[in-house]
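What follows is a single structure, written as structure tokens, with notes after it.
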Amino acid sequence: MMNSYDAIVIGAGVVGVSVAFHLAERGLKPVILERKEIAAGATGRSSGLVRMHYDLEADSRLAWVSFQYFWDWHERVGGECGFTRTGFLFIESPEHNESVSANVEMHRRIGIPTSTISAADVQKLVPSFKTDDFDIAAYEPESGYADPVLTANSFLAAAKRLGSDYVQDCAVTDIIVNADKVTGVRSTRGDFSAPIIVNAAGAWAGKIAEMAGVAIPLDTWTHDVAHIRRPAEVGDHPTVIDSSLNMYFRPDSGGLTLVALEDDNRLGEAPDSEVGYVAKDFVERAVERICRRIPAMENGSLHSSHVGRDGLTPDQRAVIGAAGPRGFYLATGFSGTGFKTSPAVGLCMSELILDGEAKTVDITGFDPGRFARGEYLRGEHDYGDLWR
Ligand SMILES: Cc1cc2nc3c(=O)[nH]c(=O)nc-3n(C[C@H](O)[C@H](O)[C@H](O)COP(=O)(O)OP(=O)(O)OC[C@H]3O[C@@H](n4cnc5c(N)ncnc54)[C@H](O)[C@@H]3O)c2cc1C
């Protein structure tokens, strides 16, 4: 039959193409259906931070497995992912010192190259930083950032080399279920059949889940980002999550610094509404915030700004696993942090689908049914919600 596949992956964001690549590596013939074009959603707007520091072990494990792809991209996937090693600092306010140390311990146990360093060490590492408001930071010397659009394109090219098909401008409009098993989808480009369907539709995944009779509490998170031209006196700096100032930043090519804020993100906008422009006062707030950490940035100038949107769950952790009719899987709800883990998520999904469970990382905690049971994922040494 025409349009018949081993698996249908809905959405050509970095997660969907990673899932398709890993299924194809295991010998399946998937098709990826994308309503617009590759990286049209969160992936195309992502800041691309690649680090392993999380307060939840399963997230750190996914990030660590994924890091090894970014590091060795050409061999593992082929093409480019644009990984740039800058070193990574996680800065938290002093009341979280114990949590930072405990989480670094957990990361070291997993094998992640990281350590706790003092504010004085941070000052030596980055002389342009002001360091009088924190005591310690977590430092990952190997981490940095990658290019999400390049990453997604390389995954897609590799999936196609292994026999996957890709159909763009193809919006899935319904899921076909027979005798409690998925059998295919209806779309704006006709029907496709497969016994396995993976919902990787990002901020739109709630709608796709509903088509299969599955309810997931998926909200949206709309996030502003600025690029600032760095004055020469600032020099180089690493990639930083500066939770004590509710901000993250990283260097970018062309002497730029990307800055974004953890607070005042817009929650709950309709997935189909235009992302539009950054909030009215965002640039001022971002500049004020970065100058608190790097005073010499005062002489910088705005280069550009943009907005992106991701799916957000109640515990700000992903939803990964089977749900509803047999053959229906979710890999979504990445809540603003799903780029760096996308290689491992694709691998684990292929294991779950083909072997009945993910073996590389235990992903059972991300079970889509947890919210209905009133269970929220929290780290043992929790920093609280990232986005506010
Ligand atoms: C501004 C911003 C900054 C970020 N920074 C980072 C970061 O530094 N590090 C990090 O790890 N993560 C970051 N993230 C999060 C990360 O980018 C996302 O979690 C990740 O890209 C999600 O990928 P995805 O494939 O799940 O979703 P998406 O990239 O949103 O892809 C979903 C795709 O599904 C398609 N689709 C929707 N409905 C349908 C339909 N009916 N039929 C067919 N296709 C459909 C969409 O068009 C879209 O292309 C950031 C996100 C944003 C928005």
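The values are calculated or read from the model by the stated rules, or taken from the named source; none is laboratory data. Note that the structure is predicted; figures quoted are calculated from it, not measured. As a convention, Cβ positions derive from the backbone with ideal geometry for all residues, glycine included, and neighbour counts pool all protein chains shown. Surface areas here come from the heavy atoms of the whole protein model, side chains and all, with no ligands, DNA or RNA. Shrake-Rupley method; radii C 1.70, N 1.55, O 1.52, S 1.80 Å.
Which of the residues spanning region 224-251 are closer than 20 Å to Val278 by Cβ and open to solvent by 30 Å² or more (accessible area, probe 1.4 Å)?
Of everything in region 224-251, those that are closer than 20 Å to Val278 by Cβ and open to solvent by 30 Å² or more (accessible area, probe 1.4 Å) turn out to be Arg229, Arg230, Asn246.
Could you please find all residues in region 101-124 being in a helix (DSSP H, G or I), of a type in the set (A, V, I, L, M) and surrounded by 17 or more Cβ atoms within 10 Å (Cβ to Cβ)?
Selection gives Val104, Met106, Ala119, Val122.
Among the candidates Ser335, Ser342, which residue alone is in contact with an Asp or Glu (Cβ under 8 Å, 6 or more places away or on another chain), of a type outside the set (D, E, K, R) and within 24 Å of Val149 (Cα to Cα)? Full working, then the answer.
Details: Ser342 fails: in contact with an Asp or Glu (Cβ under 8 Å, 6 or more places away or on another chain).
Of Ser335, Ser342, the one residue that is in contact with an Asp or Glu (Cβ under 8 Å, 6 or more places away or on another chain), of a type outside the set (D, E, K, R) and within 24 Å of Val149 (Cα to Cα) is Ser335.
Which condition breaks for Glu95 when tested against (1) in contact with a Leu (Cβ under 6 Å, 6 or more places away or on another chain); (2) farther than 27 Å from Glu142 by Cβ; (3) more than 15 Å from the ligand (Cβ to nearest atom)?
(1)
Output the qualifying pairs, or none if there are none: Cβ atoms under 6 angstrom, residues six or more apart or on different chains, first residue in region 353-373 and over 22 Å from Ser60 (Cα atoms), second residue surrounded by 14 or more Cβ atoms within 10 Å (Cβ to Cβ) and charged (D, E, K, R).
Final answer for the pair search is Leu354/Arg26.
Could you please find all residues in region 155-175 being more than 13 Å from the ligand (Cβ to nearest atom) and open to solvent by 10 Å² or more (accessible area, probe 1.4 Å)?
Taking region 155-175 as the starting set, the residues that turn out to be more than 13 Å from the ligand (Cβ to nearest atom) are 157-165.
Answer for region 155-175, where residues must be more than 13 Å from the ligand (Cβ to nearest atom) and open to solvent by 10 Å² or more (accessible area, probe 1.4 Å): Ala157, Lys160, Arg161, Leu162, Gly163, Asp165.
Do we have Glu37 as open to solvent by 50 Å² or more (accessible area, probe 1.4 Å), at pLDDT 95 or above and over 30 Å from Thr183 (Cβ atoms) here?
no
Can you give me the number of residues within region 139-154 that are part of a loop (DSSP other than H, G, I, E, B) and open to solvent by 10 Å² or more (accessible area, probe 1.4 Å)?
3
When region 53-65 is examined, which residues are found to be more than 12 Å from the chain's Cα centre (by Cα) and either near the ligand (Cβ under 8 Å from one of its atoms) or open to solvent by less than 10 Å² (accessible area, probe 1.4 Å) (or both)?
Hits for region 53-65 are His53, Ser60.
Of all residues in region 268-311, which are more than 15 Å from the ligand (Cβ to nearest atom), open to solvent by 50 Å² or more (accessible area, probe 1.4 Å), among the charged types (D, E, K, R) and modelled with pLDDT of 95 or more?
Of everything in region 268-311, those that are more than 15 Å from the ligand (Cβ to nearest atom), open to solvent by 50 Å² or more (accessible area, probe 1.4 Å), among the charged types (D, E, K, R) and modelled with pLDDT of 95 or more turn out to be Asp281, Glu284, Glu288, Arg292, Glu298.
Taking the stated definitions as given, is Trp221 open to solvent by 20 Å² or more (accessible area, probe 1.4 Å), within 11 Å of the ligand (Cβ to nearest atom), closer than 23 Å to Val14 by Cα and modelled with pLDDT of 95 or more?
Details: open to solvent by 20 Å² or more (accessible area, probe 1.4 Å): no; within 11 Å of the ligand (Cβ to nearest atom): yes; closer than 23 Å to Val14 by Cα: yes; modelled with pLDDT of 95 or more: yes.
Criteria not met by Trp221.
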